[in-house]
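Undergrad: This is the structure, below, for whatever I ask next.
The values are calculated or read from the model by the stated rules, or taken from the named source; none is laboratory data. Keep in mind the model is a prediction, meaning the values are calculated, not measured. Every residue, glycine among them, receives a Cβ derived from its backbone with ideal geometry; neighbour counts consider all protein chains shown. For the accessible areas, the whole protein counts, side chains as well, though only heavy atoms, and no ligand, DNA or RNA atoms are used. Shrake-Rupley method; radii C 1.70, N 1.55, O 1.52, S 1.80 Å.
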Amino acid sequence: MKNKDTSFRKQFELNNKVAVVTGGTGILGKRFCAGLAEFGAKVAVVDLDESNVVAYANELQEVYGVECVGVACDVRQADSVKNMTVNVENILGPIEILHNNAASKGSDLKKFLAPLEEYSLDTWNEVMSVNLDGMFLVAQAIGSKMAERGYGSIIQTASIYGSTMGPDQNIYQGSEYMGMHINTPPVYPASKGGVVGLTNYLATYWAQKGVRVNTLSPGGVESGQNDIFYNKYSKRVPMKRMADGDEMVGALIFLASNASSYMTGQNIFIDGGLSAW
């Protein structure tokens, strides 16, 4: 029998908690923002394009009836990150939840998807500046404030390719994404592996300050790949399909809420069982 003073349902509530989502207008970012708002959080949608973040924040506010704000930010720039943090807290209040989710394919998709032998260091550095440098800058700016106040939850998006496995090159033959030949370039697992390492560091660094830091690692999410890729990838997964973006949100709510209050430094895989093979 549970303690009469404990409500398990309430542990998942995020009512009036202030949440920041970087990469908030991306394919998954929008779903993460919506999930947090539906559970009662006041959401700051953070991404590069000001008109997009403001429009989506307004949409969330209308649909879910919670206060939301769109704040443009370049996570590669320390000053931009600091300004974003100040702006969010001035409007919504102290940040209690950070979903460090921003990631980049660079400014040239063809260069991003180039084979290993031809991969440009410029493209490598461009992607790393968002996927890892930006992750650090945002965690540093917001996490430090959480630590000063003695509470907060940080969730950082990585990937199954960041810690458990390398990409199976066989699934890419004949596979396309947005009309281009698809692969997983070397910078992607390298940057996502860095995210996992950063999570572990921050989790132990801030553990006694009341700040929890965990990693969310999605498997393949259906988002415009052709049928060849979908079928090849699905054959490798015990559940025999790719994920829908909405299937990532439940784990985020868990990690953001008090339901995971004794959990830090962990990496949750949402991959249909792929990493269990």
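Undergrad: Between a residue in the stretch 220-233 that is over 11 Å from Y172 (Cα atoms) and touching a residue at least 12 places away in the same chain (Cβ under 8 Å) and any residue that is part of a helix (DSSP H, G or I) and β-branched (V, I, T), which pairs come within a Cβ distance under 6 Å, given they are 6 or more apart or on different chains?
TA: If the second residue must be part of a helix (DSSP H, G or I) and β-branched (V, I, T), the pairs left are S223/I27.
Undergrad: Find the residue count for the stretch 149-165, including only residues that are open to solvent by 50 Å² or more (accessible area, probe 1.4 Å) and at pLDDT below 95.
TA: 2
Undergrad: Of the conditions (1) modelled with pLDDT of 95 or more; (2) polar (S, T, N, Q); (3) closer than 23 Å to N231 by Cα, T123 fails just one. Which one is it?
TA: Here T123 clears every test but (3).
Undergrad: Another question about this same structure. Please go through the stretch 231-270 and give me each residue that is surrounded by fewer than 20 Cβ atoms within 10 Å (Cβ to Cβ), in contact with a helix residue (DSSP H, G or I) (Cβ under 7 Å, 6 or more places away or on another chain) and not hydrophobic (A, V, I, L, M, F, W, C), ordered by number.
TA: K232, R236, P238, K240, R241, G245, D246, N258, G265, N267
Undergrad: Separate question: Every residue in the stretch 148-166 that is outside any strand (DSSP E or B) and over 19 Å from N87 (Cα atoms), please.
TA: Within the stretch 148-166, G150, Y151, A158, S159, I160, Y161, G162, S163, T164, M165, G166 qualify.
Undergrad: Could you check the stretch 103-131 and list, in sequence order, the residues that are assigned to a helix (DSSP H, G or I), open to solvent by 30 Å² or more (accessible area, probe 1.4 Å) and under 20 Å from Q169 (Cβ atoms)?
TA: Within the stretch 103-131, L109, K110, K111, L116, E117, E118, W124 qualify.
Undergrad: Return yes or no: is M146 modelled with pLDDT of 95 or more, in contact with a Leu (Cβ under 8 Å, 6 or more places away or on another chain) and more than 16 Å from T215 (Cα to Cα)?
TA: Against the criterion (modelled with pLDDT of 95 or more, in contact with a Leu (Cβ under 8 Å, 6 or more places away or on another chain) and more than 16 Å from T215 (Cα to Cα)), M146 qualifies.
Undergrad: So which residues in the stretch 216-229 are open to solvent by less than 60 Å² (accessible area, probe 1.4 Å) and over 24 Å from A256 (Cβ atoms)?
TA: The answer is G224, Q225, N226, F229.
Undergrad: Take the conditions open to solvent by less than 10 Å² (accessible area, probe 1.4 Å) and under 21 Å from the mean Cα position of the chain (by Cα) and apply them to G134. Does it pass?
TA: When the stated conditions are applied, G134 passes them.
Undergrad: Only residues that are farther than 13 Å from K17 by Cβ, free of Cβ contacts under 8 Å to residues at least 40 places away in the same chain and of a type in the set (A, V, I, L, M): list them for the stretch 31-47, please.
TA: V45
Undergrad: Tell me which residues, restricted to the stretch 52-65, are closer than 19 Å to T22 by Cβ and either of a type in the set (G, A, S) or in contact with a Lys or Arg (Cβ under 7 Å, 6 or more places away or on another chain) (or both).
TA: A55, Y56, A57
Undergrad: Quick check on my filter: what residues within the stretch 218-277 are aromatic (F, W, Y), part of a loop (DSSP other than H, G, I, E, B) and modelled with pLDDT of 95 or more?
TA: Y262
Undergrad: Can I ask one more? Do any residues in the stretch 255-275 that are touching a residue at least 60 places away in the same chain (Cβ under 8 Å) and farther than 18 Å from L36 by Cα have Cβ atoms under 8 Å from those of residues that are assigned to a loop (DSSP other than H, G, I, E, B) and open to solvent by 30 Å² or more (accessible area, probe 1.4 Å), where the two are at least six apart or on different chains, and which pairs are they?
TA: N267/S163; F269/T164; L274/M165; L274/P238; S275/T164; S275/M165
Undergrad: From the set of residues in the stretch 167-189 that are open to solvent by 40 Å² or more (accessible area, probe 1.4 Å) and part of a helix (DSSP H, G or I), which is farthest from E148 (Cα to Cα)?
TA: N170
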